[in-house]
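The values are calculated or read from the model by the stated rules, or taken from the named source; none is laboratory data. Here the structure is a predicted model, which means the values were calculated and not measured. Here the Cβ positions follow ideal geometry from the backbone for every residue, glycine too, while neighbour counts run over all protein chains shown.
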Amino acid sequence: MSSHTEPAGTPASETNESGASRSRVKAQISEFAQTAKEQAASAVAPIRDNARSFAEEQKQRGAGRIDSIAGAVHNAAEEIGREVPPAAEYVHAAADQLQRASRLLRENSVEDLVQMAVQLAEERPILFVSSTVAAGFLLTRFLRSSTAAYDESEEG
């Protein structure tokens, strides 16, 4: 007596053929899925590379802008130093922090910066959220003032 049971009325040769047919279909589907996966990966690679390149370019631009702002803050500190020398020290310290942020941007890849942000968010979530809100606020103010200056230059 066989441990393999055949459906009633189905010869063993038909069951073996349908099993082989299913195996071929599964193999074809698997091959198709692998091919699709490879094609998707090759299609996404240039997009990913372009996005990485764009992010790197924007990171460098941002670092340059931060350097410009730091220079302006140092100049303001010089002006303040003539009137209130102790206050100038704090303003210079703020400009130094801006320069450190710029250096951090320049010296690290986008992936490194993301990893640093994730690590900060995990270790100090309140600091991360408050820093993100402050950065968003400052960025919004900067963009609004840049847009207003651009609009005024077009009118003139």
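Among the residues of region 103-115, are any part of a helix (DSSP H, G or I), touching a helix residue (DSSP H, G or I) at 6+ places or on another chain (Cβ under 7 Å) and without any contact (Cβ under 8 Å) to a residue 40 or more places away in the chain?
Scanning region 103-115, I find no residue that is part of a helix (DSSP H, G or I), touching a helix residue (DSSP H, G or I) at 6+ places or on another chain (Cβ under 7 Å) and without any contact (Cβ under 8 Å) to a residue 40 or more places away in the chain, so the answer is no.
Within region 20-67, restricting attention to residues that are of a type in the set (Val, Ile, Thr) and under 28 Å from the mean Cα position of the chain (by Cα), which residue is modelled with the highest pLDDT? Show your work before the answer.
First, pick out the residues of region 20-67 that are of a type in the set (Val, Ile, Thr): 25, 29, 35, 44, 47, 66.
If we keep only those that are under 28 Å from the mean Cα position of the chain (by Cα) too, we end up with 44, 47, 66.
Values: Val44: 78, Ile47: 83, Ile66: 89.
Looking at the filtered set, the residue picked out is Ile66.
In this structure, is Gln97 closer than 26 Å to Ala51 by Cβ and either without any contact (Cβ under 8 Å) to a residue 24 or more places away in the chain or surrounded by 12 or more Cβ atoms within 10 Å (Cβ to Cβ) (or both)? Lay out the reasoning, then the answer.
Working: closer than 26 Å to Ala51 by Cβ: no; either without any contact (Cβ under 8 Å) to a residue 24 or more places away in the chain or surrounded by 12 or more Cβ atoms within 10 Å (Cβ to Cβ) (or both): yes.
Criteria not met by Gln97.
Does region 116-134 hold any residues that are assigned to a helix (DSSP H, G or I) and surrounded by 11 or more Cβ atoms within 10 Å (Cβ to Cβ), and which are they?
Met116, Ala117, Val118, Gln119, Leu120, Ala121, Leu127, Phe128, Val129, Ser130, Ser131, Thr132
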